[in-house]
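The values are calculated or read from the model by the stated rules, or taken from the named source; none is laboratory data. Values in this document were obtained by computation on a predicted structure and should not be read as measured data. Cβ placement follows ideal geometry from the backbone for every residue including glycine, while neighbour counts extend to all protein chains displayed.
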């Protein structure tokens, strides 16, 4: 196929796709020295009564960048002041027609070093209350289904790495595809051990 020849398969994903408002947001995975993650038990939509990492919508109409939003949300929700060196982008999630209401692009950040849990001074605010949850207990919490099936497992596999995933909520159950994956060092070491053990 020549460069100028159309390829209809590249636009097939838009066939029947709903036109909905688009939202940009960040989620921030803050870990402490005990390998616990700071989770928000939500009191308001979206996903009331469920748990999620802290985060919020990007003020893109005011030119706010994902990194700026992450640092702002950490301060507003946890009362902790971090710098650009203290966080890193490790994931991007595209959600088509989440709950049939919005399309979302979510930037996932993680702390580059453990956070002193005593530094978190705002455990209760209007969005809900914060809890330090051991990493191995997160899957037992009430989580949005996209978090349970996709975002949380991939976030753990890619700590220190990077991934991008596309989630299509127009399908029931929703479908997803991981389009980029560079697992973190810990997961890569575990995979090597599993491979060596199988030989």
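Scanning the range 163-199 for residues that are more than 21 Å from residue 100 (Cα to Cα), surrounded by 13 or more Cβ atoms within 10 Å (Cβ to Cβ) and either touching a helix residue (DSSP H, G or I) at 6+ places or on another chain (Cβ under 6 Å) or at pLDDT below 90 (or both) turns up 163, 183, 186, 187, 188, 190. Note on the range 78-97: residues that are closer than 24 Å to residue 159 by Cβ and assigned to a strand (DSSP E or B) total 9.
Checking the conditions here, which among 127, 110, 131 is modelled with pLDDT of 95 or more and over 12 Å from the mean Cα position of the chain (by Cα)?
Residue meeting the stated conditions: 131.
Is the range 38-60 home to any residue that is over 27 Å from residue 178 (Cβ atoms), modelled with pLDDT of 95 or more and surrounded by 15 or more Cβ atoms within 10 Å (Cβ to Cβ)?
Yes, the range 38-60 contains a residue that is over 27 Å from residue 178 (Cβ atoms), modelled with pLDDT of 95 or more and surrounded by 15 or more Cβ atoms within 10 Å (Cβ to Cβ).
Each row is one residue, and each column tells you yes or no for (1) more than 22 Å from residue 143 (Cα to Cα); (2) in a loop (DSSP other than H, G, I, E, B).
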| residue | (1), (2) |
| --- | --- |
| 47 | no, yes |
| 53 | no, no |
| 67 | yes, no |
| 72 | yes, no |
| 76 | yes, no |
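In a residue-by-residue description of the range 104-126, the property of being farther than 21 Å from residue 165 by Cβ, touching a residue at least 12 places away in the same chain (Cβ under 8 Å) and assigned to a helix (DSSP H, G or I) applies to at least one position.
Within the range 14-45, the set of residues being assigned to a loop (DSSP other than H, G, I, E, B) and under 16 Å from the mean Cα position of the chain (by Cα) comprises 30 only. The residues of the range 55-65 that are under 18 Å from residue 88 (Cα atoms) and part of a loop (DSSP other than H, G, I, E, B), listed by number, are 58, 64, 65.
Within the range 61-93, the set of residues being under 22 Å from residue 182 (Cβ atoms), touching a strand residue (DSSP E or B) at 6+ places or on another chain (Cβ under 8 Å) and loosely packed, with under 15 Cβ neighbours inside 10 Å comprises just one member, 89.
Has the range 13-36 got any residue that is surrounded by 11 or more Cβ atoms within 10 Å (Cβ to Cβ) and out of contact with any strand residue (DSSP E or B) (no Cβ under 9 Å at 6 or more places or on another chain)? No: the range 13-36 contains no residue that is surrounded by 11 or more Cβ atoms within 10 Å (Cβ to Cβ) and out of contact with any strand residue (DSSP E or B) (no Cβ under 9 Å at 6 or more places or on another chain).
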